[in-house]
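The structure appears below as structure tokens.
No value in this document is a laboratory result; all are computed from the given coordinates. The structure presented is a predicted model; accordingly, all values stated were derived computationally and were not measured. Cβ sites come from the backbone with ideal geometry, for glycine too, and all protein chains shown count toward neighbours.
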Amino acid sequence: MPDSTLYDTTAPSVGSVALAHQRLIRLKILGVFINITGDINNLALNPSPIKVAREVYGQKGRTSEDIIGYNYAPTFNVEVVRDPVTKQIVAAQAWFKDLVAAAFSTGADNKREFQLFTDALDEAMPVLQGTFSVAYSEANTGYADKGVVTFTLNSNGVVPQIASPLATTAVPILESATPPGLAPGDLIRVRGYKLGTTVSATIKAIPVVKFRIDDDNSVILLIPAAVTGSSPIIVTNSAGASTALPYTAA
């Protein structure tokens, strides 16, 4: 059976009117892919074939075309919510500002890496991963507390298919650790998948003495003494250890 965890945990964030749906998109931030589907509507991959002409063998003068790849131009809408006190975009959509920064940049700074799932419930359906340039446009204006913007991504070269992260795996998959830059004695929340059976964790190879499992997708860790600087996190469940998640402590 496929692992539907990615789909099951795709919940709307604060202020979002989007619902979890089968199309999934993940953005790479600080070396880790994070799931942003809960905040987007109307995801369309918009593939266009790249073709080369060829002569049909045995039919001189008859031509045909072969598809050698695809360009992709995904588009999606984001509802933006403003905190009435701070006047800032809500923290639940912190990735939104990163995409805006990319959209108003040039060269390499205009590009981000994404994973695109054609169906988040079927591991046999294609998953694409590649680099895309980012464009921004306002879908509506005039609201004091919220607004809608449209992002358009354009593939930068070949966007290859990858093995689906939905394929069944029993060991933890770590995606994020927040807040960043905390110190020993502070609590951090590690999000990912297969965390419900966590048995231990380390930060910078130092065992975590206290942790609390919130659910299958979240565990709280107490940062051990002597942890500073680059502090990769590894979480182990009953099936084995995760790959290291980068983290920088104070």
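Its residue count N sets the reference 2.2 N^0.38 Å, and the alpha-carbon radius of gyration of the range 173-249 equals 0.94 times that reference. Ordering 234-246, 177-189, 43-55 by mean Cβ neighbour count within 10 Å, with the highest value first, yields 234-246, 177-189, 43-55. Taking other C-beta atoms within 10 Å as the exposure proxy, Tyr136, Tyr193, Tyr247 rank Tyr136, Tyr193, Tyr247 from fewest upward.
Charge dipole of the range 173-249 (Cα centre as origin; +1 on each Lys and Arg Cβ, -1 on each Asp and Glu Cβ, all else neutral): 120 debye, rounded to the nearest 20.
Across the range 95-208, the convex hull enclosing all Cα atoms gives 195 Å³ per residue. Sorted fewest first by neighbouring Cβ atoms within 10 angstrom, Lys28, Lys210 come out as Lys210, Lys28. Taking the number of Cβ atoms within 10 Å of each Cβ as an exposure proxy, the fewest-first ranking of Ile162, Ile29 is Ile162, Ile29.
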